[in-house]
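Enquirer: Sharing a structure below in structure tokens format, with a few things to ask.
A short reminder: the numbers here are calculations on the coordinates, not readings from a lab. If you're wondering where the values come from, they're calculated on a predicted model, not measured in any experiment. Quick reminder, even Gly has a Cβ in these numbers, built from the backbone with ideal geometry, and neighbours come from all protein chains shown.
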Amino acid sequence: MMSTAVSFLDEDVMKPDVNELPSRRKSALKLFPEMGKYQFEQWVDLLEKRTGMRLPYNRRSFLVTNLSIRMRQLGFGDYQDYYDHLHSGRDGHVEWDKLVHYLTVHETRFLRHEESLALIRDCYLPQSPSETRGRPTTIHVWSVGCSTGEEPYSVAMTIDDQMRKVGHEFYLGVIASDISRSAIAVGRAGFYSKNQVKAITPEWLSRYFVTLPDGRYQVAQELRQRVCFNHVNVVDMEESTIGAMDIIVCQNLLIYYDKERRIDIVNKFVDHLTPGGILVLGVGELINWSHPDMKRLNYANTLAFRHK
Ligand SMILES: C[S@@+](CC[C@H](N)C(=O)[O-])C[C@H]1O[C@@H](n2cnc3c(N)ncnc32)[C@H](O)[C@@H]1O
């Protein structure tokens, strides 16, 4: 059973832990002053206030490493100076937007959780031409915590492929949102390396991607224009202009929050779902949650609910 404690020990932590760094880089980081308990608490409070995540003390090296990398880039040698800079009006806001990328985990990949995509295909979309009669011709999807775009594009390809199979004309609009503007920019551009697209079948690659002369792939314009990347902080959803959605996907994001915050976030997703719409979460990311408007979907190795 998954613990509800905030964990930054995702299998996917992309940025280096100081203990895993090569010794040359490790000694460079040692040039930074030790971060005392007061300093640590100050940074943890700031992170919690602005992202809702509370970093536990045992993740101190994660904070120090990633903070140090960014401070080094800017020429700051003192945590307090950098902290004060982040509170210095407009420049501070701009810098916070950059720092948040270093303090969040962006690991993702195409078709990452195939069962969830299969659930969307099998439990929400029509299965045959006869099932398309009377179906709405629009599908609105929200990928929350979309990172660099692999998740929303995977959902978009899954939906487009199924709708082609059943021959139903439809409009697909995907909102892909994240707190990191750097991640969003990558997703919006839609360039990926050969290694990043390795899970995609040749058929989908040729249909949904363009191969570039340098060997990279770019998501084809037709698919890209269906996916709209937006900056949304999930703990400030009220500030966003996100409307009613048919499918909401939020995976590998809730794990960074404590149980109360997870429930609060997911309850807000319910308000954004159309009747009959589905909410797809990461397996094990929310335990014992129920909502009067939502019914659990039974589909192997998934965690999903349908709006009644
Ligand atoms: C581990 S990635 C998961 C990406 C994708 N959903 C997947 O499962 O492959 C988590 C993403 O959540 C984003 N994130 C973290 N805190 C957030 C917040 N408060 N609001 C929106 N996105 C957030 C991070 O920037 C990161 O891109």
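Enquirer: Counting pairs of alpha carbon atoms under 8 Å apart in space and at least six apart in sequence, what relative contact order in percent does the chain give?
Expert: 18 percent
Enquirer: Right, another one. Excluding same-chain residues fewer than 8 positions from LYS165, which aspartates and glutamates have a Cα within less than 13 Å of its Cα?
Expert: Hits, sequence-local ones excluded: ASP122, GLU131.
Enquirer: Where is the GNM fluctuation largest for the chain (alpha-carbon springs, 10 angstrom cutoff): PRO202, PRO136, PRO292?
Expert: Of PRO202, PRO136, PRO292, the Gaussian network model singles out PRO292 as fluctuating most.
Enquirer: All other residues with a Cβ under 15 Å from the Cβ of TYR124 taken together, and with Lys, Arg as +1 and Asp, Glu as -1, what is their net charge?
Expert: +1
Enquirer: Around TYR83, under 14 Å between beta carbons, what's the net of Lys plus Arg minus Asp minus Glu among the other residues?
Expert: -4
Enquirer: Which distance in Å, rounded to a whole number, links the C-alpha centroids of the range 143-178 and the range 265-281?
Expert: Spelled out, the Cα-based centre of one part sits 17 Å from the other.
Enquirer: What's the extension gain from THR137 to GLU238 if we count 0.36 nm per residue and subtract their Cα-Cα distance?
Expert: 33.6 nm is the gain from fully extending THR137 to GLU238.
Enquirer: On to the next question. Given a 10 angstrom Cα cut-off, can you work out which residue in ASP246, ASP178, ASP293 is the most mobile in a GNM of the chain?
Expert: It is ASP293.
Enquirer: What nm value, rounded to one decimal, do you get for the distance between TYR57 and LEU74 when each label is placed 7 Å out toward the C-beta?
Expert: A separation of 2.8 nm, rounded to one decimal place.
Enquirer: A further question follows. Please work out how much length the chain gains when fully extended from TYR171 to ASP271, using 0.36 nm per residue of separation minus the C-alpha to C-alpha distance, in nm with one decimal.
Expert: Length gained between TYR171 and ASP271: 33.8 nm.
Enquirer: Further, regarding this structure: MET294: net charge of surrounding residues, Cβ under 12 Å, Lys/Arg +1, Asp/Glu -1, itself excluded?
Expert: Residues close to MET294 contribute a combined charge of +2.
Enquirer: Follow-up question, since we're still on this one. List the pairs from LYS49/LYS98; LYS198/LYS308; LYS259/LYS295 whose alpha-carbon separation is above 26 Å, in the order I gave them.
Expert: Beyond 26 Å: LYS198/LYS308.
Enquirer: For PHE209, what residues show an amide H to amide H distance below 5 Å, using hydrogens built from the backbone and excluding near sequence neighbours?
Expert: Those lying under 5 Å, H to H, from PHE209 are ALA220.
Enquirer: Compute the length gained on full extension between GLU115 and GLU203: take 0.36 nm times their separation in residues and subtract their Cα-Cα distance, giving the result in nm to one decimal.
Expert: Computed gain between GLU115 and GLU203 is 29.7 nm.
Enquirer: Right, next: Starting from the range 202-245, pick out the trypsin sites (Lys or Arg not before Pro) whose DSSP state is loop and whose Cβ has at most 10 other Cβ atoms within 10 Å.
Expert: When the trypsin sites (Lys or Arg not before Pro) of the range 202-245 are filtered for loop state and at most 10 Cβ neighbours within 10 Å, nothing remains.
Enquirer: Long-range amide H contacts for TRP142: which residues qualify at under 5 Å (H placed 1.01 Å from N, peptide plane, sequence gap of 5 or more or a different chain)?
Expert: ILE175, ILE247, ILE248, VAL249
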